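Report on the structure given below.
The values are calculated or read from the model by the stated rules, or taken from the named source; none is laboratory data. From a predicted model like this one, the values you see are computed outputs, not experimental measurements. Cβ placement follows ideal geometry from the backbone for every residue including glycine, while neighbour counts extend to all protein chains displayed. Please note that ligands, DNA and RNA were not included when accessible areas were found on the heavy atoms of the full protein model with its side chains. Shrake-Rupley method; radii C 1.70, N 1.55, O 1.52, S 1.80 Å.
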Amino acid sequence: MNKETIKWIHLEETDSTNQWAKDNTSELGKKVTVVSTDFQTAGRGCGKNHWESENGKNLTFSIIIYPLQVKAQEQYILLMAESLALKDCLSKLCEGFTIKWPNDIYYKDSKISGTLSECTLHEGMVRRCILGTGLNVNQQLFTSDAPNPISIYQIIGAETDRKNLLHHILEQFEYYHSLLNRHEYATIQQHY
(Lines give C-alpha, C1' and ligand atoms only; values in the text may rest on other atoms or scores of the structure.)
Protein backbone atom coordinates (compact mmCIF):
# COMPACT_ATOMS: atom_id res chain seq x y z
CA MET A 1 0.00 0.00 0.00
CA ASN A 2 1.02 3.58 -0.56
CA LYS A 3 3.18 4.60 2.40
CA GLU A 4 1.87 8.16 2.15
CA THR A 5 -1.73 7.12 2.87
CA ILE A 6 -1.18 4.29 5.35
CA LYS A 7 0.02 4.23 8.92
CA TRP A 8 1.51 0.93 10.04
CA ILE A 9 1.64 -0.10 13.71
CA HIS A 10 3.25 -3.42 14.63
CA LEU A 11 2.91 -4.84 18.13
CA GLU A 12 4.82 -7.84 19.42
CA GLU A 13 1.79 -8.88 21.46
CA THR A 14 -1.69 -7.56 22.19
CA ASP A 15 -5.04 -8.93 23.29
CA SER A 16 -6.67 -8.20 19.92
CA THR A 17 -5.68 -5.86 17.09
CA ASN A 18 -9.32 -4.76 16.74
CA GLN A 19 -9.51 -3.97 20.45
CA TRP A 20 -6.18 -2.14 20.34
CA ALA A 21 -7.46 0.03 17.48
CA LYS A 22 -10.65 0.85 19.44
CA ASP A 23 -8.68 1.68 22.59
CA ASN A 24 -6.03 3.80 20.86
CA THR A 25 -7.94 5.93 18.35
CA SER A 26 -5.51 8.85 18.78
CA GLU A 27 -2.73 6.63 17.40
CA LEU A 28 -4.59 5.87 14.16
CA GLY A 29 -3.83 7.51 10.83
CA LYS A 30 -6.27 9.77 9.00
CA LYS A 31 -6.91 7.49 5.99
CA VAL A 32 -5.81 3.87 6.51
CA THR A 33 -4.08 2.23 9.46
CA VAL A 34 -2.82 -1.34 9.71
CA VAL A 35 -2.29 -2.79 13.18
CA SER A 36 -0.45 -6.12 13.09
CA THR A 37 0.90 -8.36 15.82
CA ASP A 38 2.98 -11.48 16.23
CA PHE A 39 0.66 -12.79 18.92
CA GLN A 40 -2.90 -12.09 20.04
CA THR A 41 -3.77 -13.24 23.53
CA ALA A 42 -7.51 -12.86 22.97
CA GLY A 43 -8.06 -12.99 19.22
CA ARG A 44 -11.74 -13.30 18.37
CA GLY A 45 -13.89 -14.70 15.65
CA CYS A 46 -17.59 -14.14 15.22
CA GLY A 47 -19.67 -14.19 18.38
CA LYS A 48 -17.75 -15.68 21.28
CA ASN A 49 -15.43 -17.79 19.13
CA HIS A 50 -11.68 -17.65 19.86
CA TRP A 51 -9.11 -17.48 17.04
CA GLU A 52 -6.22 -19.90 17.67
CA SER A 53 -2.89 -18.55 16.46
CA GLU A 54 0.57 -19.76 17.45
CA ASN A 55 2.99 -16.97 18.39
CA GLY A 56 4.94 -15.69 15.38
CA LYS A 57 3.48 -18.20 12.94
CA ASN A 58 0.44 -16.53 11.40
CA LEU A 59 -0.94 -13.19 10.32
CA THR A 60 -3.19 -11.36 12.75
CA PHE A 61 -3.94 -7.80 11.75
CA SER A 62 -6.60 -5.11 11.52
CA ILE A 63 -7.14 -2.63 8.72
CA ILE A 64 -8.83 0.55 9.87
CA ILE A 65 -10.48 2.63 7.14
CA TYR A 66 -12.75 5.64 6.91
CA PRO A 67 -14.89 4.83 3.86
CA LEU A 68 -16.40 7.59 1.78
CA GLN A 69 -20.19 7.68 1.92
CA VAL A 70 -20.87 3.98 2.59
CA LYS A 71 -24.42 3.60 3.87
CA ALA A 72 -24.94 1.53 7.02
CA GLN A 73 -27.09 -0.97 5.11
CA GLU A 74 -24.27 -1.40 2.54
CA GLN A 75 -21.42 -2.03 5.01
CA TYR A 76 -21.20 -5.64 3.81
CA ILE A 77 -19.28 -4.26 0.79
CA LEU A 78 -16.32 -3.52 3.11
CA LEU A 79 -16.13 -7.16 4.19
CA MET A 80 -16.40 -8.22 0.55
CA ALA A 81 -13.39 -6.04 -0.34
CA GLU A 82 -11.26 -7.56 2.44
CA SER A 83 -12.31 -11.12 1.55
CA LEU A 84 -11.48 -10.58 -2.11
CA ALA A 85 -8.03 -9.21 -1.29
CA LEU A 86 -7.27 -12.29 0.81
CA LYS A 87 -8.61 -14.76 -1.72
CA ASP A 88 -6.76 -13.08 -4.61
CA CYS A 89 -3.42 -13.33 -2.79
CA LEU A 90 -3.94 -16.90 -1.60
CA SER A 91 -5.02 -18.01 -5.07
CA LYS A 92 -1.57 -17.01 -6.35
CA LEU A 93 -0.12 -19.75 -4.13
CA CYS A 94 -2.39 -22.53 -5.42
CA GLU A 95 -5.95 -23.27 -6.51
CA GLY A 96 -8.80 -24.29 -4.23
CA PHE A 97 -9.54 -21.15 -2.19
CA THR A 98 -13.10 -19.89 -1.85
CA ILE A 99 -14.95 -17.26 0.13
CA LYS A 100 -17.58 -18.51 2.55
CA TRP A 101 -19.94 -15.64 3.28
CA PRO A 102 -19.77 -13.57 5.34
CA ASN A 103 -16.22 -13.61 6.68
CA ASP A 104 -14.26 -16.80 6.01
CA ILE A 105 -11.73 -18.00 3.47
CA TYR A 106 -11.65 -21.73 2.89
CA TYR A 107 -9.24 -24.11 1.20
CA LYS A 108 -11.49 -26.89 -0.03
CA ASP A 109 -13.41 -27.85 3.16
CA SER A 110 -11.00 -26.29 5.69
CA LYS A 111 -10.93 -22.78 7.11
CA ILE A 112 -7.73 -20.78 6.61
CA SER A 113 -8.89 -17.27 7.44
CA GLY A 114 -11.61 -15.25 9.10
CA THR A 115 -12.33 -11.53 9.27
CA LEU A 116 -14.27 -9.71 11.95
CA SER A 117 -15.80 -6.43 10.77
CA GLU A 118 -16.63 -3.77 13.35
CA CYS A 119 -18.10 -0.55 11.98
CA THR A 120 -18.84 2.73 13.72
CA LEU A 121 -21.96 4.36 12.31
CA HIS A 122 -23.04 8.00 12.28
CA GLU A 123 -26.27 9.34 10.78
CA GLY A 124 -26.83 6.20 8.72
CA MET A 125 -23.30 6.10 7.29
CA VAL A 126 -20.17 4.09 8.11
CA ARG A 127 -17.79 6.50 9.80
CA ARG A 128 -15.00 3.99 10.50
CA CYS A 129 -14.53 0.29 9.85
CA ILE A 130 -12.09 -2.07 11.55
CA LEU A 131 -11.48 -5.26 9.56
CA GLY A 132 -9.66 -7.70 11.85
CA THR A 133 -8.21 -10.72 10.10
CA GLY A 134 -6.60 -13.95 11.21
CA LEU A 135 -4.82 -15.93 8.49
CA ASN A 136 -3.16 -19.28 9.22
CA VAL A 137 0.24 -19.14 7.56
CA ASN A 138 3.03 -21.27 9.09
CA GLN A 139 1.25 -23.04 11.94
CA GLN A 140 1.67 -26.81 11.60
CA LEU A 141 -0.54 -28.08 14.43
CA PHE A 142 -3.89 -26.81 15.74
CA THR A 143 -4.97 -27.80 19.24
CA SER A 144 -8.28 -25.97 19.72
CA ASP A 145 -11.64 -27.60 19.19
CA ALA A 146 -12.17 -25.69 15.92
CA PRO A 147 -13.51 -28.30 13.49
CA ASN A 148 -11.50 -27.64 10.35
CA PRO A 149 -8.48 -25.29 10.55
CA ILE A 150 -5.72 -25.40 7.94
CA SER A 151 -2.63 -23.29 7.21
CA ILE A 152 -0.70 -22.35 4.09
CA TYR A 153 2.15 -24.53 5.41
CA GLN A 154 -0.15 -27.55 5.58
CA ILE A 155 -1.27 -26.89 1.99
CA ILE A 156 2.04 -26.22 0.24
CA GLY A 157 4.47 -27.92 2.64
CA ALA A 158 6.75 -24.90 3.09
CA GLU A 159 6.98 -21.77 5.21
CA THR A 160 5.74 -18.46 3.79
CA ASP A 161 7.27 -15.06 4.53
CA ARG A 162 4.50 -13.46 6.62
CA LYS A 163 5.60 -9.86 6.13
CA ASN A 164 5.79 -10.27 2.37
CA LEU A 165 2.39 -11.96 2.26
CA LEU A 166 0.81 -9.17 4.32
CA HIS A 167 2.36 -6.59 1.99
CA HIS A 168 0.71 -8.32 -1.00
CA ILE A 169 -2.65 -8.57 0.80
CA LEU A 170 -2.53 -4.84 1.57
CA GLU A 171 -1.64 -4.00 -2.02
CA GLN A 172 -4.63 -5.99 -3.22
CA PHE A 173 -6.85 -4.43 -0.57
CA GLU A 174 -5.74 -0.98 -1.77
CA TYR A 175 -7.18 -1.85 -5.19
CA TYR A 176 -10.56 -2.80 -3.70
CA HIS A 177 -10.45 0.18 -1.32
CA SER A 178 -10.08 2.50 -4.33
CA LEU A 179 -13.16 0.86 -5.89
CA LEU A 180 -15.03 1.42 -2.61
CA ASN A 181 -14.15 5.10 -2.54
CA ARG A 182 -15.32 5.49 -6.16
CA HIS A 183 -18.57 3.67 -5.20
CA GLU A 184 -17.93 0.95 -7.78
CA TYR A 185 -19.79 -1.59 -5.69
CA ALA A 186 -21.00 -3.49 -8.76
CA THR A 187 -17.37 -4.23 -9.73
CA ILE A 188 -16.64 -5.58 -6.24
CA GLN A 189 -19.79 -7.68 -6.26
CA GLN A 190 -18.92 -9.01 -9.72
CA HIS A 191 -15.46 -10.11 -8.51
CA TYR A 192 -17.05 -11.61 -5.43
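For the criterion of being surrounded by 18 or more Cβ atoms within 10 Å (Cβ to Cβ), more than 21 Å from Thr25 (Cα to Cα) and either at pLDDT 95 or above or touching a strand residue (DSSP E or B) at 6+ places or on another chain (Cβ under 9 Å) (or both), Ser83 passes. Just one of the listed residues (Glu118, Glu159) is acidic (Asp, Glu) and outside any loop (DSSP other than H, G, I, E, B), namely Glu118. Examine region 93-105 for a residue that is under 14 Å from the mean Cα position of the chain (by Cα), acidic (Asp, Glu) and part of a helix (DSSP H, G or I), and state whether such a residue exists. Looking for residues that are under 14 Å from the mean Cα position of the chain (by Cα), acidic (Asp, Glu) and part of a helix (DSSP H, G or I), one finds none in region 93-105, hence no. Under the condition of being exposed (fewer than 13 other Cβ atoms within 10 Å of the Cβ) and part of a loop (DSSP other than H, G, I, E, B), the residues counted in region 162-192 number 1. Scanning region 103-120 for residues that are farther than 20 Å from Thr17 by Cα and open to solvent by 40 Å² or more (accessible area, probe 1.4 Å) returns Lys108, Asp109, Lys111.
Can you tell me which of (1) in contact (Cβ under 8 Å) with a residue 60 or more places away in the chain; (2) of a type in the set (D, E, K, R); (3) in a strand (DSSP E or B) is the one Lys111 doesn't meet? Of everything listed in (1) in contact (Cβ under 8 Å) with a residue 60 or more places away in the chain; (2) of a type in the set (D, E, K, R); (3) in a strand (DSSP E or B), Lys111 misses just condition (1). Here Cys89 does not fit the description of being of a type in the set (A, V, I, L, M, F, W, C), within 23 Å of Leu28 (Cα to Cα), open to solvent by less than 40 Å² (accessible area, probe 1.4 Å) and outside any loop (DSSP other than H, G, I, E, B). For Gly124, state whether it is open to solvent by less than 30 Å² (accessible area, probe 1.4 Å), touching a strand residue (DSSP E or B) at 6+ places or on another chain (Cβ under 7 Å) and closer than 25 Å to Lys22 by Cβ. Considered against the rule, which asks whether it is open to solvent by less than 30 Å² (accessible area, probe 1.4 Å), touching a strand residue (DSSP E or B) at 6+ places or on another chain (Cβ under 7 Å) and closer than 25 Å to Lys22 by Cβ, Gly124 comes out as no.
Annotation: Gln154 fulfils all but one of (1) part of a loop (DSSP other than H, G, I, E, B); (2) open to solvent by 10 Å² or more (accessible area, probe 1.4 Å); (3) not small (Gly, Ala, Ser); the unmet one is (1).
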